[in-house]
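Let me begin by presenting the structure, written as structure tokens, before commenting on it.
The values are calculated or read from the model by the stated rules, or taken from the named source; none is laboratory data. Worth saying up front: this structure is predicted, and the values here are computed from it rather than measured. Ideal geometry is used to build each Cβ from the backbone, glycine not excepted, and the neighbour counts take in all protein chains shown.
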Amino acid sequence: MPPRVRPVRSAASISRSGPPPKHTAIVLSAENWKQLYVPEGFAHGYCTLEPNSEVMYKVTAYYDPASERGLAWDDPEIGIAWPISADRAVLTERDRTFPRLAGLPNFFPFGDYPN
């Protein structure tokens with residue numbers, strides 16, 4: 001079942017021992033039925049384009065608060081062109097405090113993944 005509204009989902013490579021960060025973004029909607037697969041070693045986030053949004057996603061393990069990580073949604077090193085200005089973005093306090101990619105440990109060393 002697709003989401004009820006149109007979120008923009010984005011995924012970005014966050015391995016610092018590999019190529020420079022790259023990202024992709026896609027609009028998901030009930031009309032287009034698109035999905036976005038986000039593999040391990042990638043950060044992901046979304047920006048809703050309409051109020052009262054419902055976003056659904058699958059994960060590979062049960063939620064573990066101790067494993068939760070995050071990075072700044074507007075990190076210029078990643079360069080995602082979100083469809084909303086920083087002064088209009090509605091973020092949780094937790095999301096406001098996430099560091100930029102350069103301030104994170106290397107959680108996913110590029111050499112650990114097979115080619």
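Report the residue count in segment 59-100 for those that are among the charged types (D, E, K, R) and in a loop (DSSP other than H, G, I, E, B).
As a first pass, look at segment 59-100 and keep what is among the charged types (D, E, K, R): 64, 68-69, 74-75, 77, 87-88, 93-96, 100.
From the residues that got through so far, the ones that are in a loop (DSSP other than H, G, I, E, B) too are 64, 68-69, 74-75, 77, 87-88, 100.
Number of matching residues: 9.
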In segment 36-53, which residue that is assigned to a loop (DSSP other than H, G, I, E, B), closer than 30 Å to PRO105 by Cβ and of a type outside the set (D, E, K, R) is modelled with the lowest pLDDT? GLY41
So PRO83 ticks every box in (1) more than 16 Å from THR48 (Cβ to Cβ); (2) at pLDDT below 90 but one. Which box is left unticked? (1)
Filter segment 42-57 down to residues that are crowded, with 17+ Cβ neighbours inside 10 Å and among the small types (Gly, Ala, Ser) and give me whichever is farthest from ALA102 (Cα to Cα). GLY45
